[in-house]
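This is the structure I want to talk about, given as structure tokens.
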Amino acid sequence: MSKRVVVVGGSLSGLRLVENLQLKGFEGQIVVCSDEVVMPYNRPPLSKDFLTAGTELANIQFKTRPTLSSADWRLGVSAVSTDVARSTVTLSDGSELDFDYLVAASGVRPRPLAWERNVGRVYRVRTLTDAERLREAIRPGFRVVVIGGGFIGGEVSASARALGAEVTLLCPSAQLLQPALGSVLAQKIMERHEEAGVDVRVNERLPEVNADAARIELASGEIIEADVVVEAVGSLPNHEWLDSELLDLTDGVLCGNSLRAAGSENVYAIGDLARFPNPMFDDVPRRIEHWNIAVETARRAAQSILQVSGTQPSETVADFTPLPSFWSNQYEYRIQAYGLPRIADRIESLEGEMRGAPIMGYYRGDQLVAVAGLDNGPQLIEYSREVGK
Ligand SMILES: Cc1cc2nc3c(=O)[nH]c(=O)nc-3n(C[C@H](O)[C@H](O)[C@H](O)COP(=O)(O)OP(=O)(O)OC[C@H]3O[C@@H](n4cnc5c(N)ncnc54)[C@H](O)[C@@H]3O)c2cc1C
């Protein structure tokens, strides 16, 4: 009898999962539920070119293969609950779907600060709609306050400067991009922001705001006036629709190395939502919000489903050991990292200088767990081969 795969989340990881199943001969039914109303698009440009270059949706939408049309894409429909024991998922249109295999690909959403009420002036960047709204709001000379010193906060700050806005960047730690990159690269990037005219404030605890977020009060008592406030203070997994009785939903969906969710026989999680162990480093399950991990986990989960559904022979599969990789564009810099810098206990300069910044090696004990640099792609790729050895 024909098997049914239900995928919740129609973005990068969901799309790649469908492609992998179809390309490798899965002949059952595939239903994709996406709470967005458009076919999958690429998120990284949303904080970069999409804001500055007037990019349109068509330019960032993924090219879809003709075979994809044979999957049943239900756009604008979200999953609201699941019953893992009965293998059913309930959708926002009131329907209930049985599944043989369920794939949770619902990603993350921005972590909100405690000022939901100020929505008129407060922006986030996760979806196309978020980015369109922010792009409309930023005008030359406007005062933009970005809260959060991570990659998205840095990218939005650089984009807002490119659009001619006055930018204040409030960073909760002592340097930008901490603990992601370590102090050498972080210092270089912070200097570049300052050179571009961004007012970078470090060690800023999350500020108080007045009712319409037009006045932001810092811990020092200083008031900053804002036309636009962008929150970029991390993310929360979209897992509320999943069955918390049987699954471990502590920070995403806990999975084994095959991406099958702990506590289930037929539920898988992929992309930003999946918390899985990577034996390249250790057996600690982690969520990794990188584009390449969405692609790799989709491929691995598809392989699992192809085997358990009998589409492919159940041979022993090697451990899933994807090398995380990440990039960020800020000004003329392309920041790139391979591995997991955040698990390092020691950071060393490995080589030379590119735009005044060396390639950095991140070690845990004797193991090189990551390398990172600015604009040194080819050398970094060479070093990345040593990561996890
Ligand atoms: C602004 C921005 C810039 C980025 N830049 C970079 C970068 O430079 N480099 C890099 O490596 N990575 C970057 N990333 C991260 C990368 O885009 C993500 O890792 C990737 O999108 C993860 O894909 P995903 O499919 O797991 O999740 P998502 O892309 O988040 O997709 C999840 C989908 O599920 C939907 N959904 C949620 N709940 C439900 C529900 N209950 N029912 C139905 N649908 C649901 C969501 O609306 C969404 O469409 C960036 C992300 C953002 C937001």
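Starting from residues that are touching a Ser or Thr at 6+ places or on another chain (Cβ under 6 Å) and assigned to a helix (DSSP H, G or I), keep the ones in the range 46-77 and report whichever is farthest from Leu12 (Cα to Cα).
Across the range 46-77, the extreme among qualifying residues is Thr52.
Give the number of residues within the range 276-294 that are within 12 Å of the ligand (Cβ to nearest atom), open to solvent by 20 Å² or more (accessible area, probe 1.4 Å) and not in a loop (DSSP other than H, G, I, E, B).
Counting residues in the range 276-294 that are within 12 Å of the ligand (Cβ to nearest atom), open to solvent by 20 Å² or more (accessible area, probe 1.4 Å) and not in a loop (DSSP other than H, G, I, E, B) gives 3.
Another one. From the list Val103, Val80, which one is assigned to a strand (DSSP E or B), at pLDDT 95 or above and within 20 Å of the chain's Cα centre (by Cα)?
On inspection, the qualifying residue turns out to be Val103.
Could you list, in sequence order, all residues of the range 16-37 that are within 9 Å of the ligand (Cβ to nearest atom) and open to solvent by 10 Å² or more (accessible area, probe 1.4 Å)?
Arg16, Asp35, Glu36
Filter the range 160-191 down to the residues that are of a type outside the set (A, V, I, L, M), open to solvent by less than 40 Å² (accessible area, probe 1.4 Å) and modelled with pLDDT of 95 or more and list them by number.
Listed by number, the residues that qualify are Gly164, Thr168.
Could you figure out which of (1) within 9 Å of the ligand (Cβ to nearest atom); (2) buried (at least 17 other Cβ atoms within 10 Å of the Cβ) isn't true of Val80?
Looking at each condition in turn, Val80 falls short on (2).
Let me ask something else. What number of residues within the range 136-157 satisfy the criterion of being assigned to a helix (DSSP H, G or I) and within 12 Å of the ligand (Cβ to nearest atom)?
6
The values are calculated or read from the model by the stated rules, or taken from the named source; none is laboratory data. A quick note: this is a predicted structure, and the numbers were derived from the prediction, not measured. Heads up, the Cβs are rebuilt from the backbone with ideal geometry, glycines too, and the neighbour counts pull from every protein chain shown. All accessible areas refer to the heavy atoms of the entire protein, side chains included, with ligands and DNA or RNA removed. Shrake-Rupley method; radii C 1.70, N 1.55, O 1.52, S 1.80 Å.
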